[in-house]
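Taking it in order: structure first as structure tokens, then the write-up.
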Amino acid sequence: MSQSLVIAIDGPSASGKGTVAQLVAKCLGFAYLDSGALYRLTALAAKQQGVAWSDEVAVSEVASALDVEFIGERIVLAGADVSLGIRAEEIGSGASQVAALPMVRAALLQRQREFSTMCGLVADGRDMASFVFPAAQLKVFLTASAEVRAERRYKQLIGRGEKADLALITSDLQSRDDRDRQRTVAPLAQAHDAFLLETSNLSVDEAVTQVLSWWRARR
Ligand code: CDP
Ligand code: CDP
């Protein structure tokens, strides 16, 4: 595996991984990997192709054949912009179902590692520290209470002009987190050598500052 610089940020849904990881990457001039997007893209592509999310062999073929381009903040699947489409909670739930299938995880592993460049990488997901980049120089497990995370997701949806029901979001996040924690392959868990960052009472800026200060201390 490449010896380039990697910061791995894992955590449950709506803990702020993506927001914090992107800002840290921007501050350091590193590339950014949103590994969850790959599982979401696999779920969406399978749905479009009429492949059941439980069909491990067929979904892993969909994952291997993903025709995806990351263009700045846009995500393009087979020529169509799906940046918003993959964020739907139904696709998040599908992502967590396909993510529990070992063949699907194997199909996406190399694709994730290819994001690592000599310029440095900040990668966010569930198993960045434990499995995809076990030699990452800095590992962070970001979390927040279930109530705070549900409210964050609620505000995100309202901010995008979408309908949102706090009770439904809370139960969707809970069932997705439970599935992610309980699966047998690469479950959501804090790596033994990861720093824990509890962000329930932290702003985005405070969380970013803490990650950058751990990074500077490591360097
Ligand atoms: O990637 P993940 O699902 O973990 O979370 P996100 O989509 O990056 O963040 C969810 C929302 O929480 C975003 O609107 C953030 O601005 C907000 N937020 C945060 O990420 N961190 C905080 N400390 C406070 C708020
Ligand atoms: O933004 P949010 O945290 O809600 O989800 P995401 O990071 O986009 O990931 C969607 C789903 O993909 C998660 O619920 C996980 O089941 C799965 N996933 C995973 O298993 N491993 C990763 N490295 C990233 C995501």
In the set Arg87, Arg40, Arg113, which member is open to solvent by less than 70 Å² (accessible area, probe 1.4 Å), of a type in the set (Lys, Arg) and over 16 Å from Ala186 (Cα atoms)?
Arg40
The one condition in (1) open to solvent by 70 Å² or more (accessible area, probe 1.4 Å); (2) touching a residue at least 12 places away in the same chain (Cβ under 8 Å); (3) closer than 16 Å to Val6 by Cβ; (4) not small (Gly, Ala, Ser) that Gln137 fails to fulfil
(1)
I want to confirm something. Restricting to region 7-33 and keeping residues that are surrounded by fewer than 23 Cβ atoms within 10 Å (Cβ to Cβ) and among the hydroxyl-bearing types (Ser, Thr, Tyr), which single residue is nearest to ligand 1 (Cβ to nearest atom)?
Thr19
Could you list, in sequence order, all residues of region 149-171 that are surrounded by 17 or more Cβ atoms within 10 Å (Cβ to Cβ) and within 25 Å of Ala8 (Cα to Cα)?
Arg149, Ala150, Arg152, Arg153
Contact list please: Cβ distance under 6 Å, first residue in region 192-212 and more than 8 Å from ligand 1 (Cβ to nearest atom), second residue assigned to a helix (DSSP H, G or I) and open to solvent by less than 20 Å² (accessible area, probe 1.4 Å), pairs at least six apart or on different chains.
Ala194/Ala129; Val208/Val20; Val208/Val24; Val211/Val24
Out of region 34-44, which residues are more than 16 Å from ligand 1 (Cβ to nearest atom) and either more than 19 Å from Phe115 (Cβ to Cβ) or touching a Lys or Arg at 6+ places or on another chain (Cβ under 9 Å) (or both)?
Leu44
Check on Gly125, within 16 Å of ligand 1 (Cβ to nearest atom), in contact with a Lys or Arg (Cβ under 8 Å, 6 or more places away or on another chain) and under 21 Å from Val24 (Cα atoms)
yes
Looking only at region 43-58, and only at residues there that are closer than 14 Å to Ile91 by Cα and surrounded by 15 or more Cβ atoms within 10 Å (Cβ to Cβ), the one that is nearest to ligand 2 (Cβ to nearest atom)
Ala43
How many of the residues in region 1-49 are of a type in the set (A, V, I, L, M) and under 19 Å from Ala100 (Cβ atoms)?
7
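The values are calculated or read from the model by the stated rules, or taken from the named source; none is laboratory data. Bear in mind that the values here come from a model prediction, so they are computed numbers and not experimental data. Note: ideal-geometry Cβ built from the backbone for every residue, glycine included; neighbour counts use all protein chains shown. Surface areas here come from the heavy atoms of the whole protein model, side chains and all, with no ligands, DNA or RNA. Shrake-Rupley method; radii C 1.70, N 1.55, O 1.52, S 1.80 Å.
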